[in-house]
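The values are calculated or read from the model by the stated rules, or taken from the named source; none is laboratory data. Fair warning: this is a prediction, and the values are worked out from it, not measured in the lab. When we count neighbours, we look across all protein chains shown, and the Cβ atoms used for this are built from the backbone with ideal geometry, even at glycine.
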Protein chains: 10
Amino acid sequence: MLFHVKMTVKIPADMDPQVAARLKADEKELAQRLQQKGTWRHLWRIAGHYANYSVFDVESVEALHDTLMQLPLFPYMDIEINGLCRHPSSIHTDDR
Amino acid sequence: MLFHVKMTVKIPADMDPQVAARLKADEKELAQRLQQKGTWRHLWRIAGHYANYSVFDVESVEALHDTLMQLPLFPYMDIEINGLCRHPSSIHTDDR
Amino acid sequence: MLFHVKMTVKIPADMDPQVAARLKADEKELAQRLQQKGTWRHLWRIAGHYANYSVFDVESVEALHDTLMQLPLFPYMDIEINGLCRHPSSIHTDDR
Amino acid sequence: MLFHVKMTVKIPADMDPQVAARLKADEKELAQRLQQKGTWRHLWRIAGHYANYSVFDVESVEALHDTLMQLPLFPYMDIEINGLCRHPSSIHTDDR
Amino acid sequence: MLFHVKMTVKIPADMDPQVAARLKADEKELAQRLQQKGTWRHLWRIAGHYANYSVFDVESVEALHDTLMQLPLFPYMDIEINGLCRHPSSIHTDDR
Amino acid sequence: MLFHVKMTVKIPADMDPQVAARLKADEKELAQRLQQKGTWRHLWRIAGHYANYSVFDVESVEALHDTLMQLPLFPYMDIEINGLCRHPSSIHTDDR
Amino acid sequence: MLFHVKMTVKIPADMDPQVAARLKADEKELAQRLQQKGTWRHLWRIAGHYANYSVFDVESVEALHDTLMQLPLFPYMDIEINGLCRHPSSIHTDDR
Amino acid sequence: MLFHVKMTVKIPADMDPQVAARLKADEKELAQRLQQKGTWRHLWRIAGHYANYSVFDVESVEALHDTLMQLPLFPYMDIEINGLCRHPSSIHTDDR
Amino acid sequence: MLFHVKMTVKIPADMDPQVAARLKADEKELAQRLQQKGTWRHLWRIAGHYANYSVFDVESVEALHDTLMQLPLFPYMDIEINGLCRHPSSIHTDDR
Amino acid sequence: MLFHVKMTVKIPADMDPQVAARLKADEKELAQRLQQKGTWRHLWRIAGHYANYSVFDVESVEALHDTLMQLPLFPYMDIEINGLCRHPSSIHTDDR
């Protein structure tokens, strides 16, 4: 089941740089593990913004929630979620 | 070059059903041709809405504009566009 | 899988009253059938508004989309959707 | 009398973790007590957000206000309230 | 139980003036009847707007909804509702 | 002359509790004095919010401004003001 | 007593041009009469918009309301009103 | 050339009171100098808000910008600017 | 003097195509004349939208207003205007 | 390829003035280098705001992103981006 997620990261200006660097490294490692597993199917940087558009492939709403909650940067993110369906005009067999 | 596009379709309630059906058929045909060419790389229906999230792969801003302008439903769409870049945490070689 | 849906109905002021009455009757019949099946798990009128809050229990995003699209009043609705999870403080066994 | 409440929790990033943990534990305990009493009739986590949709069953507006005001996390919540009525298409005897 | 209601009236520019006049006369008659009964406790015109602030005294959310739904101008109103409680600094015995 | 005022109080989370308690006590004392004088004609708590709806009866815009500016919590309030007139359907002789 | 008023005029595209011309002529005549009386103290066109900023000098909220309601274009205007006071830094004796 | 400016002042709650008092005194002195010169043609306090509506008479956009930038409170202001023209219905010779 | 203008064109769906074509031709002709005169200094299409960003070089606010008002499509445009100044970091001698 | 960018700078009020001065000096130096290279084609200050409108000429979305990300003030900017195309009515050969 696919979900489109927009994540906008807002790290407080006064966060200790070492803490921030560690959070980002942990986030990257988990993001790559989730991509390898096929859970995080697409991940694009939005040009000019500290934000991304992502597509997640999960078994349920609960699984999506658990995945997002474990992201190290979750407490610093604004998140927008939309469910995705196969589009009737789509010919791409992997967009579903 | 990738662009993320959200299209929300708002066909006037009083449009002649035959005109609407023809517009939608033409839209579908062009959408499929553009997918086959690789221009319209992703196309998802947003669940519960007459709207889609799309990713276009074009050579320039001008090419994106020309592609969108020729869509038969363009006059009835609200459109939001964002440029996409490779995300530093991405491992997907096709997300760029 | 549960989804929280807010539907706001906006029937055009100039719709033929007989057409409107028929749409509403069909909507009611389908709404009741979906409640009996357990798909439309909760349905409340929002006080003072021609709108409702609903909870749907479906097998997938696709199933939610198909359910909403077949509602006779769908073309006249503004729709907001949010996925629901079990709340960690919840003791209600049916809120999941 | 039913009220639909959306609560979005915004705990300041610099709150002492022990204070935050205590507030959350107290919140959970009270939430469960109110569920057992039947006051807090539904409680769902909104997927991907530190927020919930709830339905309260109270005797008056005053009772709703007093209930919300005593929540330990109340000072850190954005709250939206809507009164709920039986929907004319509803067949659920407990949605009222 | 008190509710604060803001009603903004938007009569379509192309409504037959006789129909509009009839709707307004019926609205006025019912508004005065509800004031006499004590249901519509306050009614002020908002300066410079075709809108009012009102306070209703009803027995339940359901009663508020039924009262608003029977207003002849209801289909042409934007409505905002908020429950009211006695304010801890209030000395007015009738503001509750 | 009547003005409808909505006040939303936003006391900074890090204000010294003693300072806050003093501000609130002063606010309450002044609010009651203004009610006794007839200046602060109505005062309701908005259910579920640290906010109120009020009606002021003053001699001029200047007098309204001076009244609001002297409230101890004024620096921590978001304020919305609307002038009120007698509504043509009103039968309440005190709503003017 | 001074009020700052922003009026944005939205004449329907399908209004009979003769009706529109007559409304505008009547509006202009009344606007000039009110300026001569001193009621409509300032009147500026907002550059690039079919809108104006105005300052009215009236005896009460009620008088402001009655003045605005009699404007021939009132039914086609969006209106925003703010009370004005003498600014503590002002040296202009006529800005009050 | 006239510009309509709305200034909303937002002094941080934790600013040293002496620094704030000095900024306000400097602001007042400059505001009065600019009024005497005719640059700051109108200055009203918006009732109930720490904000003003002003009209500036300057030779160019550049001059307006330079005037606003030198205001001691500029870093703490939200500013909205609109160009003003003579209104075709205006009879005031000084509203231009 | 430079002004940045965003124009979004919203031609009603039911406008006679011949009338629309004539308006657009007239608009184009005037736009080109104003470019030749140097008044309309920049004109870009915003990709994916029936809208443009423009820079006008005019002698006054009044001149800007008169220029925009004479555009044949003015009645169908949403317009946003901002004054432009030389940027302190600019090295372009023509950006002023 | 042209992109229109609006940058609004929001430097925290409590930033060390020396750090702020250094950031601004670095920003200016880079801005001028990018203008000399032709990448930052236009740069205007928006009158009355700590903000600018800019036009960038880059080879790709990726190049735009990399350019913006390296700006010393990037972490303190709100950024809005729109792709630009040649306008069909444009006669300026450099607006493309």
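Observations on the model:
- Scanning the range B:59-71 for residues that are touching a residue at least 12 places away in the same chain (Cβ under 8 Å) and within 12 Å of the chain's Cα centre (by Cα) yields a count of 5.
- Complete set of residues in the range J:31-71 that are among the β-branched types (Val, Ile, Thr) and over 16 Å from J:THR8 (Cα atoms): J:THR39, J:VAL58, J:VAL61, J:THR67
- Enumeration of residues in the range G:1-19 that are touching a Phe, Trp or Tyr at 6+ places or on another chain (Cβ under 9 Å) and more than 30 Å from G:THR93 (Cβ to Cβ): G:THR8, G:VAL9, G:LYS10, G:ILE11, G:PRO12, G:ALA13, G:MET15
- Exactly one residue out of G:PRO17, G:PRO12 is surrounded by fewer than 16 Cβ atoms within 10 Å (Cβ to Cβ), facing another protein chain (nearest Cβ under 8 Å) and of a type outside the set (Ser, Thr, Tyr), and it is G:PRO12.
- The set of residues in the range G:11-55 that are modelled with pLDDT under 95 and touching a helix residue (DSSP H, G or I) at 6+ places or on another chain (Cβ under 7 Å) contains only G:ILE11.
- Residue in the range C:47-65 that is out of contact with any Phe, Trp or Tyr (no Cβ under 8 Å at 6 or more places or on another chain), at the interface with chain D (Cβ under 7 Å from one of its Cβ atoms) and within 25 Å of E:PRO75 (Cα to Cα) present: yes
- Selection within the range B:8-58: residues that are within 25 Å of A:VAL55 (Cβ to Cβ) and polar (S, T, N, Q). The member of this set that is farthest from the chain's Cα centre (by Cα) is B:GLN36.
- Criterion: of a type outside the set (Phe, Trp, Tyr), over 30 Å from A:ILE79 (Cα atoms) and within 14 Å of chain D (Cβ to nearest Cβ) - qualifying residue of C:LYS37, C:LYS6: C:LYS37
- Residue match in the range I:38-56 (condition: out of contact with any Leu (no Cβ under 8 Å at 6 or more places or on another chain), in contact (Cβ under 8 Å) with a residue 24 or more places away in the chain and closer than 16 Å to H:VAL61 by Cβ): yes
- Residue check for H:ILE81: at the interface with chain G (Cβ under 7 Å from one of its Cβ atoms) and at pLDDT 95 or above: no
- Answer residue from the range J:72-84, given it is surrounded by 15 or more Cβ atoms within 10 Å (Cβ to Cβ) and touching a residue at least 60 places away in the same chain (Cβ under 8 Å) and is nearest to A:MET15 (Cα to Cα) among those: J:TYR76
- When E:ASP95 is tested against the conditions (1) modelled with pLDDT of 95 or more; (2) within 11 Å of chain F (Cβ to nearest Cβ); (3) surrounded by 15 or more Cβ atoms within 10 Å (Cβ to Cβ), the lone failure is (1).
- Single match in H:LYS6, H:LYS24 (criterion: in contact (Cβ under 8 Å) with a residue 60 or more places away in the chain and of a type in the set (D, E, K, R)): H:LYS6
- When J:SER54 is tested against the conditions (1) of a type outside the set (D, E, K, R); (2) closer than 16 Å to J:GLY38 by Cβ; (3) surrounded by fewer than 18 Cβ atoms within 10 Å (Cβ to Cβ), the lone failure is (3).
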